[in-house]
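Working notes, structure below.
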Amino acid sequence: MVPTTHDPITRILHLGMMVFGLTAFFTGLIGDEEHEEEEHEHGGAVADAMPEGGESLLFEIHEMSGLLTGAVVLTRILWGFIGPETQRFSFWFPLAKARLLETAEDIGKLLRRITPDRPSHGGLAGLVQFLGIATFTWMGMTGGILFTFLPEGASEPKGWLEVIAEGHEVGEPLIMLFLLLHVGGAITHHIAGHPIWHRMFPFIKPKV
């Protein structure tokens, strides 16, 4: 029987990804905008003008929240192998043939304006959650490399680190897509009359 709520560790990991992941994401977006404005004002000479150890508080928050997100994601991946059965990748890996068929069925229902109602990680919901884990893993990995190897005080990566930085930026629209699908799906379920908030937040009692 599939439980109606997730286990405590899964809920804590979800909360950690939500808090640290969103903090890293939004501080990164704001920091990129500020950096572009400074480059425009200084004619592209921001990197040369930045003093040693001159990272802003915003960037430091981005770094720390990004590292914490990476730690949470790694723990979630480990939990996907040793956690409860319903949280293991062997139970809900979305690229398996049976799961892909469920996903196709869910998409067909949505096209007919029918909201799919499956257990957590089932069908399209499982694919969306897999996208989230994969994207945050990629962001944590590329961000960790930049944190480790980018010289302190340097605002612009050079050489192979520039490739890593560009790969890191690729994750930003993927996070936007994940948030749109994940949060949008939860809201759609709520509007359709079968809310799922209580699976992750058991203190929110579904109306009977």
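The values are calculated or read from the model by the stated rules, or taken from the named source; none is laboratory data. As the structure is a computational prediction, the values presented were derived from the model and not from experiment. Cβ: placed from backbone, ideal geometry, glycine included. Neighbour counts: every protein chain shown.
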Can you tell me which residues in region 148-186 are among the β-branched types (Val, Ile, Thr) and closer than 13 Å to ALA125 by Cα?
VAL183
Is region 42-61 home to any residue that is in a loop (DSSP other than H, G, I, E, B), over 18 Å from GLU169 (Cβ atoms) and modelled with pLDDT of 65 or more?
yes
Out of the residues in region 68-92 that are at pLDDT below 90 and aromatic (Phe, Trp, Tyr), which is nearest to SER120 (Cα to Cα)?
TRP92
Would you check which residues across region 114-143 are buried (at least 18 other Cβ atoms within 10 Å of the Cβ) and farther than 19 Å from GLY184 by Cα and list them?
MET139, GLY140, THR142, GLY143
Do we find a residue being surrounded by 19 or more Cβ atoms within 10 Å (Cβ to Cβ) and touching a Leu at 6+ places or on another chain (Cβ under 7 Å) anywhere in region 83-92?
no
State all residues of region 94-103 that are closer than 16 Å to LEU131 by Cα and surrounded by fewer than 15 Cβ atoms within 10 Å (Cβ to Cβ); if no residue qualifies, say none.
LEU95, ALA96, LEU100
Residues of region 100-155 that turn out to be touching a residue at least 40 places away in the same chain (Cβ under 8 Å) and either more than 19 Å from ARG76 (Cβ to Cβ) or not in a loop (DSSP other than H, G, I, E, B) (or both), as a count
22
What about GLU37, is it modelled with pLDDT under 90 and not in a helix (DSSP H, G or I)?
no
